[in-house]
1. Can you tell which of PRO126, PRO102 is of a type outside the set (Val, Ile, Thr) and more than 16 Å from the ligand (Cβ to nearest atom)?
2. Among the residues of segment 255-288 satisfying the criterion of being in contact with a strand residue (DSSP E or B) (Cβ under 6 Å, 6 or more places away or on another chain) and acidic (Asp, Glu), which is nearest to MET139 (Cα to Cα)?
3. Looking at segment 214-227, is at least one residue within 16 Å of the ligand (Cβ to nearest atom) and in contact with a strand residue (DSSP E or B) (Cβ under 9 Å, 6 or more places away or on another chain)?
4. Can you tell me which residues in segment 84-133 are in contact with a His (Cβ under 8 Å, 6 or more places away or on another chain), assigned to a loop (DSSP other than H, G, I, E, B) and at negative phi?
5. Could you list, in sequence order, the residues of segment 218-254 that are outside any helix (DSSP H, G or I), among the aliphatic types (A, V, I, L, M) and buried (at least 16 other Cβ atoms within 10 Å of the Cβ)?
6. Among the residues of segment 141-188, how many are within 11 Å of ILE131 (Cβ to Cβ), part of a strand (DSSP E or B) and not hydrophobic (A, V, I, L, M, F, W, C)?
7. In segment 176-211, how many are under 16 Å from PHE43 (Cα atoms), away from the ligand (no atom under 16 Å from the Cβ) and in contact with a helix residue (DSSP H, G or I) (Cβ under 6 Å, 6 or more places away or on another chain)?
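Values quoted throughout were computed directly from the atomic coordinates according to the rules given, and no laboratory measurement underlies them. As the structure is a prediction and not an experimental result, all values here were calculated from the model. Cβ placement follows ideal geometry from the backbone for every residue including glycine, while neighbour counts extend to all protein chains displayed.
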Amino acid sequence: MEVNQPVPLFSAVAANAGIDFSEPLMRVVNRHWYILGEEVKSFEREFADYVGATRCVSVANGSEALEIALLSLGVGPGDRVITVANAGFYSSTAIRAVGAEPVYVDVDDESLTMCTESLRNALFTPVKAVIVTHLYGRMADIENIYEISKAAGAAVVEDCAQSHGARLANGQCGSFGDLACFSFYPTKNLGALGDGGAIVTCSDELAARLLKLRQYGWSTKYHVTSASGRNSRLDEMQAAILRVKLPLLDQWNEQRRAIAKKYCEAFANLPVKLPTSLGDDYVAHLFVIRVEDRETFTTYLSKQGIATDVHYPVPDHRQTAYVLKETFELPVTESISSQVVSLPCFPGLSDAQTNRVVEAVTSYFKQRV
Ligand SMILES: *Cc1c(COP(=O)(O)O)cnc(C)c1O
């Protein structure tokens with residue numbers, strides 16, 4: 001690695017290093033079966049087992065996983081769905097797509113995931129479902145959120161698109177909600193070589209609905225028995241790739257966590273807010289710190305050859321594409337949106353690159369005093 005090469009936020013080359021893709025791809029090519037075949041069936045079985053759910057229905061991407069999950073729960077026009085506003089508008093897109101209305105609750109100032117107090121208050125008015133995003137790879141307080149939501153009659157959908165493999169003592173991310181949605185976008189902790197997604201559940205009834213919804217609303221070929229069906233399928237090539245990568249997920253997550261740990265130790269005395277968990281409930285999808293004067297900080301890092309990004313700069317309730325029926329007070333969400341900044345953290349990021357990030361961040365604060 002050249003000393004002065006910029007350190008990227010993510011590198012597909014590094015993240016996929018050492019994997020032989022030709023065998024799984026040629027297996028599919030030589031079988032001449034490209035859609036909903038052996039690879040998809042096997043991946044769905046293997047992924048459900050990995051998560052600790054009984055069923056997995058793969059789909060075309062993580063956004064459609066959320067949308068189809070909501071449809072399977074019967075969410076539609078006029079329904080209200082609770083979500084957070086600091087997670088990149090993904091859940092909002094799905095809620096809007098099914099014609100429902102998002103209800104935003106604030107996030108906890110430490111975990112940056114859904115605040116249970118804020119959730120409790122929002123549940124005084126009926127909602128059909130709650131989408132819980134395990135943001136940046138950090139699991140939300142899902143056990144309490146599930147209990148609170150179910151007591152109010154709302155279904156719970158986990159958004160695990162950033163948290164494949166995170167776990168609590170009582171189970172793995174994706175095994176707590178009525179349904180859990182995953183994305184296999186290339187930069188995710190488990191990424192395909194293209195788009196992909198999945199929904200896992202322990203309900204045979206919901207799985208049966210998902211299977212119809214992902215393929216034209218068919219119960220059997222050419223018999224449309226479910227409204228709102230569409231075509232949303234994972235293809236055989238991506239499934240074959242994901243089957244090669246799934247057994248490596250835990251070790252990659254371990255690498256991500258090791259990098260996060262190194263950053264946390266190096267930045268412990270700097271005027272920044274760091275991730276508050278480095279345990280099994282955090283798989284370091286993104287290493288996000290909070291700083292004042294973010295613009296100055298990112299400009300400095302950029303000059304040092306360190307890539308950064310902001311996840312996410314505009315809270316969902318401040319996006320301009322849709323008119324909201326209600327107003328929301330989200331003080332934590334608002335304040336963090338101007339502070340959060342993501343640093344390079346991915347499997348394959350070398351020690352030398354990690355050290356360069358550490359040095360750049362440290363020197364930024366040195367020259368400031
Ligand atoms: C990436 C992502 C999605 C969307 O997944 P796609 O496969 O890109 O559609 C949904 N939710 C979260 C939290 C994500 O990070």
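1. Every option except PRO126 fails the conditions.
2. Of everything passing the filter in segment 255-288, ASP281 is nearest to MET139 (Cα to Cα).
3. Taking every residue of segment 214-227 in turn, at least one turns out to be within 16 Å of the ligand (Cβ to nearest atom) and in contact with a strand residue (DSSP E or B) (Cβ under 9 Å, 6 or more places away or on another chain).
4. Within segment 84-133, ALA85, THR113 meet the criteria.
5. The answer is LEU234, and nothing else.
6. 2
7. 1
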